[in-house]
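> Before anything else, here's the structure in question.
The values are calculated or read from the model by the stated rules, or taken from the named source; none is laboratory data. Computed from a prediction, not measured in an experiment: that's the story for all the values here. Cβ atoms come from the backbone with ideal geometry, glycine included; neighbour counts cover every protein chain shown. To get the accessible areas, we keep the full protein, side chains included, count just its heavy atoms, and leave off ligands, DNA and RNA. Shrake-Rupley method; radii C 1.70, N 1.55, O 1.52, S 1.80 Å.
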Amino acid sequence: MRPSDRLWSSLVISAVAIGALAVPVAAAVGTSVYASGRARIEQQPNVYSQWSGTVSATPGVSVDGIFGAKATTGSRKDVTWTMNGISRTEPMTAHFDARPGETITVWTDEAGDQVPPPPQTSIAAVDGIAAAITLYSATILSTHVTLSAAGSLIRWYNDRAWEKEWSSKAPPLA
């Protein structure tokens, strides 16, 4: 057995070990991303305030999407709500079915400016899973690239060694 074969065997064993160890590491990172994201999302309702607003009778403006396409999720409508005794009317994106006089939820920050509603905590789970998959995939990809490069170099070295060995044993051409 050549030393290069021993090196290749060691590299393959190391790659398998790295792949096996990457699973719990990726799971730990995914769990950490989920826990921090969930804590951040759960804190937003404590920072933001929720108010009941009424859709005004003034017509809203349709929201343009990418490349000027009309959005399918909502349109800008004037909404009136009372916050700390002060009545406010501002345009906000509401569902197309929201009719004048209907009550919708308005979220504001400490300064009274509109903010989007807090995301669902399931978003944190998706982020955690995505982080774990990304980390594991990056680990496997980098291990694969390293193993492929090492394999190419070892094959090149072995081919050169075989060529040198066979050329020293072969009789000269007449």
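> Has the range 155-171 got any residue that is free of Cβ contacts under 8 Å to residues at least 40 places away in the same chain, open to solvent by 50 Å² or more (accessible area, probe 1.4 Å) and of a type in the set (Ser, Thr, Tyr)?
Taking the range 155-171 as the starting set, the residues that turn out to be free of Cβ contacts under 8 Å to residues at least 40 places away in the same chain are 155-156, 159-160, 162-171.
Adding the requirement that they be open to solvent by 50 Å² or more (accessible area, probe 1.4 Å) leaves 155-156, 159-160, 162-171.
Restricting the remaining residues to those that are of a type in the set (Ser, Thr, Tyr) gives 167-168.
Checked the range 155-171: at least one residue is free of Cβ contacts under 8 Å to residues at least 40 places away in the same chain, open to solvent by 50 Å² or more (accessible area, probe 1.4 Å) and of a type in the set (Ser, Thr, Tyr).
> Looking only at the range 115-134, count every residue that is under 30 Å from residue 82 (Cα atoms) and out of contact with any Lys or Arg (no Cβ under 9 Å at 6 or more places or on another chain) and tell me the total.
So the first thing to find is which residues in the range 115-134 are under 30 Å from residue 82 (Cα atoms), and the list is 115-121.
If we keep only those that are out of contact with any Lys or Arg (no Cβ under 9 Å at 6 or more places or on another chain) too, we end up with 115-120.
Residues flagged as under 30 Å from residue 82 (Cα atoms) and out of contact with any Lys or Arg (no Cβ under 9 Å at 6 or more places or on another chain) within the range 115-134 amount to 6.
Matching residues to (1) charged (D, E, K, R); (2) under 30 Å from residue 8 (Cα atoms):
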site	(1), (2)
101	no, no
114	no, no
117	no, no
148	no, yes
151	no, yes
155	yes, yes
166	no, yes
171	no, no
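Here is a yes/no grid of residues against (1) within 30 Å of residue 100 (Cβ to Cβ); (2) modelled with pLDDT of 80 or more; (3) not in a strand (DSSP E or B):
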| position | (1), (2), (3) |
| --- | --- |
| 7 | no, yes, yes |
| 24 | no, yes, yes |
| 52 | yes, yes, no |
| 72 | yes, no, no |
| 75 | yes, no, no |
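> Starting from residues that are assigned to a strand (DSSP E or B) and free of Cβ contacts under 8 Å to residues at least 60 places away in the same chain, keep the ones in the range 101-144 and report whichever is least open to solvent (accessible area, probe 1.4 Å). Lay out the reasoning, then the answer.
The initial filter retains those residues of the range 101-144 that are assigned to a strand (DSSP E or B), namely 103-108, 114.
Subsequent filtering for residues that are free of Cβ contacts under 8 Å to residues at least 60 places away in the same chain retains 103-107, 114.
Details: 103: 97, 104: 34, 105: 67, 106: 1, 107: 44, 114: 59 Å².
Result: 106.
> Condition test on residue 19, is it more than 30 Å from residue 150 (Cα to Cα), part of a helix (DSSP H, G or I) and either over 26 Å from the mean Cα position of the chain (by Cα) or touching a residue at least 24 places away in the same chain (Cβ under 8 Å) (or both)?
no
Yes or no, residue by residue, for (1) open to solvent by 60 Å² or more (accessible area, probe 1.4 Å); (2) among the hydroxyl-bearing types (Ser, Thr, Tyr); (3) closer than 24 Å to residue 143 by Cα:
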{"residue": "4", "(1), (2), (3)": "no, yes, yes"}
{"residue": "7", "(1), (2), (3)": "yes, no, yes"}
{"residue": "10", "(1), (2), (3)": "yes, yes, yes"}
{"residue": "16", "(1), (2), (3)": "yes, no, yes"}
{"residue": "20", "(1), (2), (3)": "yes, no, yes"}
{"residue": "23", "(1), (2), (3)": "yes, no, yes"}
{"residue": "29", "(1), (2), (3)": "no, no, yes"}
{"residue": "37", "(1), (2), (3)": "no, no, no"}
{"residue": "40", "(1), (2), (3)": "yes, no, no"}
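> For the structure I just gave you, tell me whether residue 150 is open to solvent by less than 90 Å² (accessible area, probe 1.4 Å) and touching a residue at least 24 places away in the same chain (Cβ under 8 Å).
Answer is yes for this residue.
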